[in-house]
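Everything on this sheet refers to the single structure shown next.
Bear in mind that the values in this text are calculations on the coordinates, not laboratory data. What you see is a predicted model; the values in this text were computed from it and never measured. No Cβ is skipped: glycine too gets one built from the backbone with ideal geometry, and neighbour counts run over all protein chains shown.
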Amino acid sequence: MIVLQTDRLIIKEYKPEYLNLAYKVFSDPQTMAFWPAPLSINETQRWIDRSMQSYKDNGFGRYAIYLKNTNHLIGDCGILKLETDNILVHDLGYIIYAPFWSTGLGFEAAKAAMDFGFNELNIDRLYANMPFNHAASIKVAEKLGMKRIKEFHNKKNRSILTYLYCSVK
């Protein structure tokens, strides 16, 4: 099911059959360089399952990003309820497959997800977290108008210094 569209993207709910396509993105070492490690096929399956469960439980989750002009899966974005540094938040996340970095697609997907969260889901506050050295992700958050509100050492990601950003509706 298509959830969002932008000029260049179709953003839709994960389905079980997206596993191999998503695995190509999540297993790529460059794409996942700011994560604890690239995901295995089983971890990718759990990612998709978690997203699909979130659709049922919350009416939203993380979604597969497809390029309109090629219909290739090139990333993931959306909102999940997560605990971040002991705070339950609506986490805005975005991952773009490395061959598509520096094209503005991360911002385009994240903006669509943010607008969806604020305008369709009526969420009043969205958060995003990223390692201190993930300059591209920081740039996207700041371009979205998010403000850095906290720094912490992320136990879920090798205890790396992590920035927490927030935006209020």
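Computed with the Debye formula from one identical point scatterer per Cα of the stretch 100-169, without solvent, the log10 of I(q)/I(0) at q = 0.15, 0.27 Å⁻¹ comes to -0.51, -1.17. If you run the Gaussian network model on the chain, springs between alpha carbon atoms under 10 Å, then out of 31, 103, 44 the most flexible one is 103. Amide H contacts for residue 84 (H built 1.01 Å from N in the peptide plane; partners 5 or more residues away or on another chain; cut-off under 5 Å): 89.
With an a/c value of 1.5 or above and a/b larger than b/c for the gyration tensor axes a ≥ b ≥ c computed over the alpha-carbon atoms, the stretch 46-92 is described as prolate. In plain terms, the C-alpha convex hull of the stretch 1-75 casts an average shadow of 5.2 nm² when viewed from every direction. Couplings for the stretch 153-158, taken from phi via the Karplus curve 6.51 cos²θ - 1.76 cosθ + 1.60 with θ = phi - 60°, read 8, 7, 5, 7, 9, 6 Hz in order; Gly and Pro are left as x. Dipole orientation for the stretch 1-140: of the candidates 31, 53, 114, 31 has the Cα lying most toward the positive pole (charges on Cβ; Lys, Arg +1; Asp, Glu -1). Computed 3J(HN,Hα) for the stretch 107-122, one whole-Hz value per residue from the Karplus formula 6.51 cos²θ - 1.76 cosθ + 1.60 where θ = phi - 60°, is 5, 4, 5, 5, 5, 4, 5, 5, 4, 4, x, 6, 8, 9, 8, 6, glycine and proline marked x. Computed from the C-beta positions of residue 28 and residue 103 and an R0 of 22 Å, the FRET efficiency is 0.85 to the nearest 0.05. Were the residues from residue 125 through residue 153 laid out at 0.36 nm apart, the gain over their Cα-Cα distance would be 7.9 nm.
Relative to its residue count, the chain spans a Cα convex hull of 108 Å³ per residue. Which net charge results when you count Lys and Arg as +1 and Asp and Glu as -1 among the other residues whose beta-carbon is under 12 Å from that of residue 56? Taking every other residue near residue 56 into account, the sum is -2. Note on residue 147: lysines with a C-alpha under 25 Å away, same-chain residues under 8 apart excluded, are 81, 111, 139, 155, 156, 169.
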